[in-house]
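As structure tokens, the structure follows; a few thoughts come after it.
The values are calculated or read from the model by the stated rules, or taken from the named source; none is laboratory data. Remember, predicted model here, so these are calculated numbers, not experimental data. Here the Cβ is made from the backbone with ideal geometry for all residues, glycine too, and neighbour counts use every protein chain on show.
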Amino acid sequence: MRFAPAPEYHVFPTQERPLKPYEAVVRATGTTRELVRAERPDVVVADILTLAPALAAELEGVPWATLVPHVDPRGAPGFPPYSVGARLPRTAVGRGLWGLFDPLIGRGLELGRTELNETRRRLGLGLLEHVHGGISRQLAMIGTFPQLEYPRAGGGEPGTHVVGPLQWEPPFGALELPDGDPSWPVVLVAPSTAQDREHVMLRAALEGLAELPVRVLATTNRRAPEVPLVVPANARLVDWVSYAQTMPRCDVVVCHAGHGTLVRALSSGCVVVACPAAGDMNENAARVDWAGAGVRLPRRLISACGVRLAVQRALADDLLRVRARELAAWVAMRDPADRAAELVEGLAARPG
């Protein structure tokens, strides 16, 4: 069997050559189609944000699958809007209140369907009657913990499988933990590599944890701060750290709740203090709070005091620790990448 992980051909508009919505996708689809035609894969696997490979595969009659490297962004009745950072409501009243947003969300989804169908029309493909047309109904693999997925009536979306977190990181050597009393718990401060350029969370954590009986390992993730950071005696600040090697030795991970960092921490049995900076980080923070495996600290409360109180709660709440270890045990008993490969092979083996 041959399958093609979709390349990412980026065709961006410029001031000199502005593009209408989805026009860049049309151009990228033509380039990608040439590759699909030349390679003749049995399956094309595309990221959720990469439309061109999916359209190119359809044009060439090749089955295509979507990889969603985070929680499923598609809503359902009673769900809060994706990325606003709200938890799943517990009562019928709460579901009804969120239902008031359904018409607004529906209009946005219909606009997306209209724009995608215009792209499909220009490519000679048939029009879709359903929304979320960029996610395959043949096979959609959700690369997260099922424990972070809100329950969906009727079994969820067609062709969708929650396979578990699909994790990878660049190779890096092991680091020594900070000096201090070996009985003190270890807190890793792991900022986003893309958000919080001013290191607000990192500064707050170093200041807020300075007087606690904890050992703090913090990283700048190769983004040097413009204003030097004050590193307390119980902390060590490094430029980069291997999460795979370090998190299993930690008790708590303070992070911005990017999905990769979040699932790595949970896979290591760490309680998460989620300090979302923007976008889907808000959703991830809400999910880990809902799952009972972490503490959510809203952006407006990210301060030395806020981080200190959140970490103290994370260390004191036995239920949080038990739940985090349950998720670690779940992923230790299975191979999400192997499950994803089985699903891709199954798609390739389908008749027609």
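Within region 137-172, the residues that satisfy the criterion of being closer than 20 Å to TYR243 by Cα, of a type in the set (A, V, I, L, M, F, W, C) and in contact with a helix residue (DSSP H, G or I) (Cβ under 8 Å, 6 or more places away or on another chain) are PHE145, LEU166, PHE172.
Taking residues in region 106-123 that are within 22 Å of TYR82 (Cβ to Cβ), and partners anywhere that are in a helix (DSSP H, G or I), the pairs with Cβ atoms closer than 9 Å and at least 6 places apart or on different chains are LEU116/VAL25; LEU116/LEU51. If only residues of region 117-142 that are among the small types (Gly, Ala, Ser) and buried (at least 23 other Cβ atoms within 10 Å of the Cβ) are counted, the one that is nearest to THR31 (Cα to Cα) is SER136.
Can you confirm whether ALA56 is small (Gly, Ala, Ser) and surrounded by fewer than 13 Cβ atoms within 10 Å (Cβ to Cβ)? For ALA56, the condition - small (Gly, Ala, Ser) and surrounded by fewer than 13 Cβ atoms within 10 Å (Cβ to Cβ) - is not met. Just wondering, is there one or more residues in region 41-49 that are surrounded by fewer than 18 Cβ atoms within 10 Å (Cβ to Cβ), within 27 Å of ALA348 (Cβ to Cβ), under 27 Å from the mean Cα position of the chain (by Cα) and modelled with pLDDT under 95? Yes, region 41-49 has at least one match. Report the residue count in region 81-95 for those that are in contact (Cβ under 8 Å) with a residue 12 or more places away in the chain and loosely packed, with under 12 Cβ neighbours inside 10 Å. The total comes to 1. If you go through region 40-84 and keep only what is closer than 28 Å to GLU169 by Cβ and in a helix (DSSP H, G or I), you end up with LEU51, ALA52, PRO53, ALA54.
The rows are residues; the columns are (1) at positive phi; (2) of a type outside the set (S, T, N, Q); (3) at pLDDT 90 or above.
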{"site": "ALA86", "(1), (2), (3)": "no, yes, no"}
{"site": "GLU129", "(1), (2), (3)": "no, yes, yes"}
{"site": "TYR150", "(1), (2), (3)": "no, yes, yes"}
{"site": "ALA153", "(1), (2), (3)": "no, yes, no"}
{"site": "THR160", "(1), (2), (3)": "no, no, yes"}
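Going by the conditions given, is SER183 among the hydroxyl-bearing types (Ser, Thr, Tyr), surrounded by fewer than 18 Cβ atoms within 10 Å (Cβ to Cβ) and more than 18 Å from HIS259 (Cβ to Cβ)? When the stated conditions are applied, SER183 passes them. Selection over region 203-245 of residues that are under 26 Å from the mean Cα position of the chain (by Cα), of a type outside the set (A, V, I, L, M, F, W, C) and surrounded by fewer than 13 Cβ atoms within 10 Å (Cβ to Cβ) gives a count of 2.
Residue-by-condition table, conditions (1) at pLDDT below 95; (2) in the same structural domain as HIS70 (by TED's automatic domain parsing); (3) crowded, with 20+ Cβ neighbours inside 10 Å; (4) among the charged types (D, E, K, R):
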| residue | (1), (2), (3), (4) |
| --- | --- |
| VAL272 | no, no, yes, no |
| CYS275 | no, no, yes, no |
| ARG287 | no, no, yes, yes |
| GLY292 | no, no, no, no |
| ARG296 | no, no, yes, yes |
| SER303 | no, no, no, no |
| VAL311 | no, no, yes, no |
| ALA314 | no, no, yes, no |
| GLU326 | no, no, no, yes |
